[in-house]
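The values are calculated or read from the model by the stated rules, or taken from the named source; none is laboratory data. The shown structure was predicted, so the numbers you read here are calculated from the model rather than taken from an experiment. With ideal geometry, Cβ positions are generated from the backbone for all residues, glycine too; neighbour counts draw on all protein chains shown.
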Amino acid sequence: MALLDRLALGDHICWTVGDDAVRLDSLAGLVGAGFSEGHRVLYCGDDSGAVVAAVERRGGSGDLRILPVESSYLTHGVFDPVSALSFLRREVEDARRAGCEGLRLITDMSWARRPTPGADRLPSFEAEANTIFAEGFVLGVCAYDYRVFDAPRLRDIARAHPGIVGDDVPFDPALVLRMRRTERPFGLRLEGEVDLSNAPALSAVIDHLLGIRPDREATVTVDVEGLSFVDTAAARVLLGAWERAEGRLRLVGRSPAFDRILEVHGAGRIVGVR
């Protein structure tokens, strides 16, 4: 089954996988597709030998980099979200300078099951990483083996991603949240579904945009026309951002149904919303 063949640059998914054969085959396909599209592929994980062997069995060649987690996510055996985000930004800039069409980041997150200092900050890191993916140059797959993570922790981690894929649940763009930065106007374009399962990911990206506005008078425009589903959790995220921006956040492409759910959560009490 092709689980990951509909991914595109800008997507960031939590892949909960417990079948080793499915995992290796799907990762090899993801790497091969990256080669075909002129992307650099960066793999970070403990079992790089098995992944490389799976890629070689499929044939093809391209720009594949292998890094152990000690050289990427962990510094001196400690997980520091700031350092990990800096690592990602360096890899993005390096791929851009090399003339790559994009960067595919594949990470085996099994290291996080170990008693690693700072690993409890992983959900906030995954949410903040969306600010990088939303730029549309990087595709990210974070593989979490559900056999070694407890369910509550994995649920918190998954919610920090815009999309989730399982062993037998292929990635479907219509059923996840896609976020892409826009410059004119300055803001964000949303597509797909946003709900309780990915609201933290949306919140992190909007907060980031509010923080990098050219000036305090600048407006952040969020295009919601491409959303097919919005729940109460998403409405609270958007209205909360609206209040923090002191009215400098504009939602365009709203449907009547979208306006109704905003109204239920108090949009009419916020100056400038209506």
Would you confirm, using the coordinates I've provided, whether Ala28 is within 22 Å of the chain's Cα centre (by Cα) and either outside the structural domain of Leu154 (by TED's automatic domain parsing) or in a strand (DSSP E or B) (or both)?
no
Which listed residue, of Arg113, Arg89, is farther than 15 Å from Ile13 by Cα, free of Cβ contacts under 8 Å to residues at least 40 places away in the same chain and in the same structural domain as Ala53 (by TED's automatic domain parsing)
Arg113
Can you pull out every residue in region 159-207 that is surrounded by 19 or more Cβ atoms within 10 Å (Cβ to Cβ) and among the aromatic types (Phe, Trp, Tyr)?
Phe171
Looking at this structure, is Gly34 assigned by TED's automatic domain parsing to the domain that holds Pro152 and either outside any helix (DSSP H, G or I) or modelled with pLDDT under 95 (or both)?
no
Identify, please: which residue in region 1-48 is of a type in the set (Gly, Ala, Ser) and under 23 Å from Glu191 (Cβ atoms) and is, among those, surrounded by the most Cβ atoms within 10 Å (Cβ to Cβ)?
Gly34
Go through region 245-259 and count every residue that is modelled with pLDDT of 90 or more and surrounded by 19 or more Cβ atoms within 10 Å (Cβ to Cβ).
2
Tally the residues that are touching a residue at least 12 places away in the same chain (Cβ under 8 Å) and over 15 Å from Glu193 (Cβ atoms), restricting the search to region 254-272.
9
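Regarding region 133-141, can at least one residue be identified that is modelled with pLDDT under 95 and either closer than 30 Å to Phe258 by Cβ or in contact with a helix residue (DSSP H, G or I) (Cβ under 7 Å, 6 or more places away or on another chain) (or both)?
No: region 133-141 contains no residue that is modelled with pLDDT under 95 and either closer than 30 Å to Phe258 by Cβ or in contact with a helix residue (DSSP H, G or I) (Cβ under 7 Å, 6 or more places away or on another chain) (or both).
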How many of the residues in region 222-244 are among the β-branched types (Val, Ile, Thr) and either surrounded by fewer than 19 Cβ atoms within 10 Å (Cβ to Cβ) or in contact (Cβ under 8 Å) with a residue 60 or more places away in the chain (or both)?
1
So which residues in region 56-83 are assigned to a helix (DSSP H, G or I), under 27 Å from Val22 (Cβ atoms) and either touching a residue at least 60 places away in the same chain (Cβ under 8 Å) or in contact with a Ser or Thr (Cβ under 9 Å, 6 or more places away or on another chain) (or both)?
Val69
Being surrounded by fewer than 21 Cβ atoms within 10 Å (Cβ to Cβ) and either of a type outside the set (A, V, I, L, M) or in contact with a strand residue (DSSP E or B) (Cβ under 7 Å, 6 or more places away or on another chain) (or both) is the filter here, so list the residues in region 208-219 that pass it.
His208, Leu210, Gly211, Arg213, Pro214, Asp215, Arg216, Glu217, Thr219
